[in-house]
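Below is one structure, written out as structure tokens; the observations come after it.
Nothing in this text is a laboratory measurement; each read-out follows from the coordinates by a stated rule. Please read these numbers as outputs of a predicted model, since none were measured by experiment. Neighbour counts are summed over all protein chains in view; Cβ atoms, including those assigned to glycine, are modelled from backbone coordinates with ideal geometry.
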Amino acid sequence: MELEKALQEHEEQVDTLLKNATKYVGALKAWKKACQLGHLANLQKAALQSEELSGTLPQTTGETKNAWEFDVREYLLTEAWRKELSALVAERYGFRPLTAEDEESLISSPILIRSNPIRYTLTLGKVNWSAIRPKVVAAELKRLRDRTAAGNAQEFVESLYGACVYLSNKNDPNAKFRDIYDLFCLTPGYKKENPPAVFGQQLYGLHRSEIRATRGGRKIEIEYSTGNYKEKDVFSVISEDGRTIRYFTIFFR
């Protein structure tokens with residue numbers, strides 16, 4: 001079961017419909033223009049052509065609709081979607097998502113991908129993703145990976161430091177990442193552009209970078225959640241080797 005191939009074939013069938021529909025619309029426009037000009041020969045010609053084209057559209061539309069027989073629910077219930085997506089990502093972008101321990105999900109650092117057969121969707125991290133064509137999902141996974149790698153880690157560190165000073169004190173700046181995120185969200189538009197999943201990816205980008213201190217020399221120390229903390233207080237991402245990293249608190253020494 002290859003969803004990419006099935007969608008490509010169906011797209012080509014719809015393209016044929018579009019061509020026929022374009023011809024029909026063109027004939028209608030010619031018909032209208034003939035009315036406006038009083039060109040009776042063209043009026044009769046365009047009217048006849050429109051009638052002929054309109055007669056084929058319902059049948060071809062129905063045939064194209066009925067041609068779609070791909071069982072999306074079965075596809076998402078089995079390993080088919082994981083195998084196809086993993087192979088496509090590897091072929092196009094040179095990295096391969098890993099199968100999670102539950103053998104029902106995929107890990108593409110920094111997120112986990114799960115299927116939702118009932119809704120015909122995938123879940124990328126915490127985001128419900130309706131556009132499940134494999135090449136579209138692969139491109140989004142590449143974008144998320146690049147954004148994590150390309151983040152300006154040093155500027156991010158300076159922002160985290162400033163937030164910690166504000167939330168605690170300058171002598172021993174520290175804070176939970178949740179409190180820092182909530183503080184950042186006081187800036188108009190921040191939360192819309194940076195939902196929690198994006199903030200978690202920024203943390204992972206910092207983690208992967210070589211930045212270990214502020215420009216002023218304050219060293220970074222990150223505490224990871226290992227206890228029974230509230231899930232909303234933790235920012236979880238998936239590492240390159242498939243481990244879940246749970247970011248909780250940051251200190252500046």
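Taking the alpha-carbon set of the stretch 121-253, what are its Rg and Dmax in Å?
Taking only Cα atoms of the stretch 121-253, I get Rg and Dmax of 15.5, 52 Å.
Restricted to Cα positions, what overall size does the chain have along the principal axes? Three whole-Å values, descending.
Principal-axis extents of the Cα atoms in the chain, largest first: 90, 45, 31 Å.
Arranged from highest to lowest average of other beta-carbon atoms within 10 Å per residue, in what order do the peptides 95-101, 127-133 appear?
Numbers: 95-101: 16.1, 127-133: 13.1.
In descending order of packing, they fall as 95-101, 127-133.
Could you give log10 I(q)/I(0) at q = 0.23, 0.27 Å⁻¹ for the stretch 3-67, computed by the Debye formula over C-alpha point scatterers of equal weight, without solvent?
Once normalised to I(0) and log-transformed, intensities are -0.87, -1.04.
What is the angle, in °, between the Cα long axis of helix 196-208 and the longest principal axis of the Cα atoms in the chain? Nearest 10 is fine, range 0 to 90.
Approximately 60 degrees, to the nearest 10.
Helix 80-93 versus the longest principal axis of the chain: what angle, 0 to 90°, nearest 10, using Cα atoms?
80
If I stretch the segment between E2 and E79 completely, what's the gain in nm (0.36 nm per residue apart, minus their alpha carbon distance), one decimal? Don't skip to the end; give the middle numbers.
Details: separation 77, 0.36 × 77 = 27.72 nm, distance 1.12 nm.
Full-extension gain reported as 26.6 nm.
What is the spin-label model distance, in nm, from N66 to R96 if the labels are put 7 Å beyond Cα along the C-beta direction?
So the label points at N66 and R96 sit 4.2 nm apart.
Note the count of lysine pairs whose C-alpha atoms are less than 24 angstrom apart in the stretch 1-118, limited to pairs 8 or more residues apart or on different chains.
Total qualifying Lys-Lys pairs in the stretch 1-118 comes to 15.
Rounded to whole Å and ordered largest first, report the semi-axes of the equivalent ellipsoid of the stretch 24-139 derived from its Cα gyration tensor (root of 5λ). If you can, show how the numbers build up before the last one.
Numbers: eigenvalues 499, 50, 27 Å².
Listed largest to smallest, the semi-axes of the stretch 24-139 are 50, 16, 12 Å.
If one takes the longest principal axis of the Cα atoms in the chain, at what angle in degrees, from 0 to 90 and to the nearest 10, does the Cα axis of helix 40-67 lie?
Roughly 50 degrees, rounded to the nearest 10.
For the stretch 78-191, what is the convex hull volume of the alpha-carbon atoms per residue, in Å³? Each step should come with its number before you reach the end.
Working: hull volume 16.1 nm³, N = 114.
Per residue, the Cα convex hull of the stretch 78-191 comes to 141 Å³.
By how many nm would the segment from A41 to T226 grow when fully extended, if each residue of separation counts as 0.36 nm and the alpha-carbon distance is taken off? Show your work: numbers first, answer last.
Details: separation 185, 0.36 × 185 = 66.60 nm, distance 8.24 nm.
Working it through step by step, the gained length comes to 58.4 nm.
Using a Debye calculation, one point per C-alpha and no hydration shell, please list log10 I(q)/I(0) for the stretch 73-145 at q = 0.20, 0.27 Å⁻¹ in order.
-0.75, -1.49
Count charges around D146 for me, please; just the other residues with Cβ under 15 Å from its Cβ, Lys/Arg as +1, Asp/Glu as -1. Display every interim value, and only then the final one.
Details: positive: R92, K142, R143, R145, R147, R208; negative: E140, E240.
Value of the local net charge: +4.
Work through the residues other than A46 whose Cβ is under 15 Å from its Cβ and net out their charges, Lys, Arg +1 and Asp, Glu -1.
Working: positive: K23, K29, K32, K33, K45; negative: E51, E52.
With Lys, Arg at +1 and Asp, Glu at -1, the neighbours total +3.
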